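Engineer: Got a structure here, written out as structure tokens. Questions coming.
The values are calculated or read from the model by the stated rules, or taken from the named source; none is laboratory data. What you see is a predicted model; the values in this text were computed from it and never measured. Backbone-built Cβ (ideal geometry, glycine too); neighbour counts: all protein chains shown. Remember, those area values only see protein heavy atoms, side chains included, never the ligands or the DNA or RNA. Shrake-Rupley method; radii C 1.70, N 1.55, O 1.52, S 1.80 Å.
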Amino acid sequence: MSDKPYRLTDPGTDADPVLVEIVEGYLASVEMEVETAIARTSRSPMIRDAHDFRAGIHDRHLRKLTGRSYSALVHPVARDFPLATMRPGDVFFHNDVYLSEGGIGHLPDLCVTVPVFHDAGDGPEVVAFVQAFGHHDDIGGAVPGSMPSHARSVFEEGLMVPPIRLWDQGVPNEAALRIMTRNSRMPESLAADLDAECSACLMGARRLGELFDRYGRKQVEAAFDALLDKTTQTYRREILAKIPDGTYVWEDYAEHDGVEEPKLHRQRITLTKVPETDPAGPKLIIDFTGTGPQAKGPINHCGDYADGNFLAKWLAPILRNLADTPERMAELDVNEGVVPLLEMRFPEKGTLLTPVFPAPTNARTFVILRLLGVLAGAVAKAVDGNMPADQETIRYTGVYGEDLDGQPYLMREVLGGGSGGRYYADGEDTIHVVPDSRNLPSEFSESRFPFVVESLGLAVDSGGPGRYRGGLGYDKRIRMLKDASFMSIADRSILACWGVKGGKAGRPFDVTIDPGGPNERTVDALADDEPVRAGEVIRIRTTGGGGWGDPLERPHEEVVRDVRWGKVSLDGARRDYGVVLTGTPEEPVLDAAATEALRQQMRGARPAERPFFDRGPGYARLAGGATAAELDWV
């Protein structure tokens, strides 16, 4: 089957506009019902509480119809199991990164796919798919959680399962389930989560089948085509039109791979806007040539499959920032309709985005999150900076060991960070890249795991200074009640989230054990088993977003407000914004004259020429003393 999306109906087929609206709402409702069912019936904290999973609905040509969030791909299932061989009640499963056509990034992401059937009189035929994939507690491998930070091959990362028929016409494959749970350190949670996902997708398939039964296949498929056509036309008219014709190049870096010493692992995008007058236009060419070589450690991502279909839909949400208003941006879905507008070009095999099996991939978030920022930076060059500054909004931290009853436990959490300042507003605090995901509730954590959450708040001064400040990261502190091991899979501990158009970089990720105590120590952002003794505190500070615009242009009253709200310290107000305050953080008092004098002094001390992007002080450490890359200038 072709990887390129194509229509279900003949060009020019009319779709009832009222039915198109009904179908669009119905698809969104089914997707939400599937996700709600998974959240309510799963068992692991990562799925049930942190909500690190996604559902998606696809048509029989494998095109993603829903656009609230990214999802995996149906391509590998259809590749290995022709649609004509599928039967009602079938459930397909896979997590093999290299056999997922780019839809699965690391082995803990387990994917369930259920075909939807409609019988028009000649027997049931596949008309669509309901799919869910989520990050599970443990699928084997070298360390608890199946994300060994120092892995050198995918064989260290856990059990690999190519697409299989996990349920055959409603009958579960108990042997396959036993193999998977036998390889997991958390077999009960794994079994319960898989059962929740299979049952929810089967329910979603029934709901979707009812849509076809009610309106008929021809009418529903015409509505599917109309929905995707609308997305294509909307992005062409409202988004691509904002980008001037031309070519724009930028790059950013992951800082370490867990095996070699920290260095710049380059990801580069050459963005070309093909004009409307060109027979191939208008469209965007996203060329990853110049991306650095495949890493020895687990930060690689298999992006060059299915013509980059997954990456196209992963990156497209960045383009929504070009919408006329924030409200309009929130209305724009990212479904398969964006794919015809984005041509993805990849370098030869052997790079961070084109790794060769069995290169490890469990920390591939370092690369795919960075690519969001690289695309934003390239677009920012094209539109005079009117894009958000950088953000790093996912990382994994956790502890494991034996609880107070001597039973093994594993606690992992996906903590977000601050988003970048925008040309019209500050960044948001503690956001998560996965929609609806969240930190674990403190009450739940304390009741299940042997630690106390002493505080959970905002990391003061973490947001990048700017006319519009970057959002703040988390400041979380837990005190262990029993000896344990700490784990972390995180980037941006050296290279901060960049600021743009005069804005400054945010503060990087940081973990300190026993802060202020006799055994105070900083933990590397890639750690598998850092010992923590009972009574010691683990302090986690996540990244702040980059700032947008000159921080010396930020109005005094906004800085005073930030200090009063506990987002900026008194020292930070002076150091980063040139605002002189007396009094207390709760009741700061502005010294207007001293502020103007200090701001004049700070402006005079600046170099005449400054780069368009600010990477923060950590860049020089990895770049031989250079404070900016060649591509940071415009």
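Engineer: From the list 39, 78, 50, 84, pick out the single residue that is of a type in the set (Gly, Ala, Ser) and not in a helix (DSSP H, G or I). Talk me through it step by step, then tell me what you get.
Structural biologist: Values: 39 fails: not in a helix (DSSP H, G or I); 78 fails: not in a helix (DSSP H, G or I); 84 fails: not in a helix (DSSP H, G or I).
None of the others qualify; the one that does is 50.
Engineer: Something else: Among 367, 374, 356, 379, which is open to solvent by less than 20 Å² (accessible area, probe 1.4 Å) and over 13 Å from residue 271 (Cβ atoms)?
Structural biologist: Unique residue meeting the criteria: 367.
Engineer: Could you tell me whether any residue of the range 432-442 is on the phi > 0 side of the Ramachandran plot and open to solvent by 40 Å² or more (accessible area, probe 1.4 Å)? First the steps, then the outcome.
Structural biologist: To start, the set of residues in the range 432-442 that are on the phi > 0 side of the Ramachandran plot comprises 436.
Subsequent filtering for residues that are open to solvent by 40 Å² or more (accessible area, probe 1.4 Å) retains 436.
Checked against the condition, which is being on the phi > 0 side of the Ramachandran plot and open to solvent by 40 Å² or more (accessible area, probe 1.4 Å), the range 432-442 yields at least one hit.
Engineer: Within the group 15, 50, 39, which residue is free of Cβ contacts under 8 Å to residues at least 24 places away in the same chain and either buried (at least 24 other Cβ atoms within 10 Å of the Cβ) or in contact with an Asp or Glu (Cβ under 9 Å, 6 or more places away or on another chain) (or both)?
Structural biologist: The match here is 39.
Residue-wise test of (1) in contact (Cβ under 8 Å) with a residue 60 or more places away in the chain; (2) of a type in the set (A, V, I, L, M, F, W, C).
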{"site": "305", "(1), (2)": "yes, no"}
{"site": "315", "(1), (2)": "yes, yes"}
{"site": "323", "(1), (2)": "yes, yes"}
{"site": "326", "(1), (2)": "yes, no"}
{"site": "330", "(1), (2)": "no, yes"}
{"site": "334", "(1), (2)": "yes, yes"}
{"site": "337", "(1), (2)": "yes, no"}
{"site": "343", "(1), (2)": "yes, no"}
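Engineer: Something else now. Taking the range 516-564, which residues are assigned to a helix (DSSP H, G or I), in contact with a Leu (Cβ under 7 Å, 6 or more places away or on another chain) and open to solvent by 10 Å² or more (accessible area, probe 1.4 Å)? Before the answer, list the steps.
Structural biologist: From the range 516-564, those assigned to a helix (DSSP H, G or I) are 551-553, 556-564; that's our starting set.
Adding the requirement that they be in contact with a Leu (Cβ under 7 Å, 6 or more places away or on another chain) leaves 556, 560, 563.
556, 560 - these are the residues of the range 516-564 that are assigned to a helix (DSSP H, G or I), in contact with a Leu (Cβ under 7 Å, 6 or more places away or on another chain) and open to solvent by 10 Å² or more (accessible area, probe 1.4 Å).
Engineer: Against the definition (at pLDDT 95 or above, closer than 20 Å to residue 414 by Cα, touching an Asp or Glu at 6+ places or on another chain (Cβ under 8 Å) and in a strand (DSSP E or B)), how does residue 494 come out, yes or no? Spell out the reasoning first.
Structural biologist: Working: at pLDDT 95 or above: yes; closer than 20 Å to residue 414 by Cα: yes; touching an Asp or Glu at 6+ places or on another chain (Cβ under 8 Å): yes; in a strand (DSSP E or B): no.
It is false that residue 494 is at pLDDT 95 or above, closer than 20 Å to residue 414 by Cα, touching an Asp or Glu at 6+ places or on another chain (Cβ under 8 Å) and in a strand (DSSP E or B).
Engineer: For residues that are of a type outside the set (A, V, I, L, M, F, W, C) and touching a Gly at 6+ places or on another chain (Cβ under 9 Å), scanning just the range 106-118, find the one that is surrounded by the fewest Cβ atoms within 10 Å (Cβ to Cβ).
Structural biologist: 118
Engineer: When the range 495-515 is examined, which residues are found to be touching a Pro at 6+ places or on another chain (Cβ under 6 Å) and open to solvent by 10 Å² or more (accessible area, probe 1.4 Å)?
Structural biologist: 504
Engineer: Only residues in the range 204-233 that are outside any helix (DSSP H, G or I) count as the first member; pair them with residues that are surrounded by fewer than 22 Cβ atoms within 10 Å (Cβ to Cβ), Cβ under 8 angstrom, at least 6 apart or cross-chain, and list the lot.
Structural biologist: Every condition considered, the pairs that remain are 216/120.
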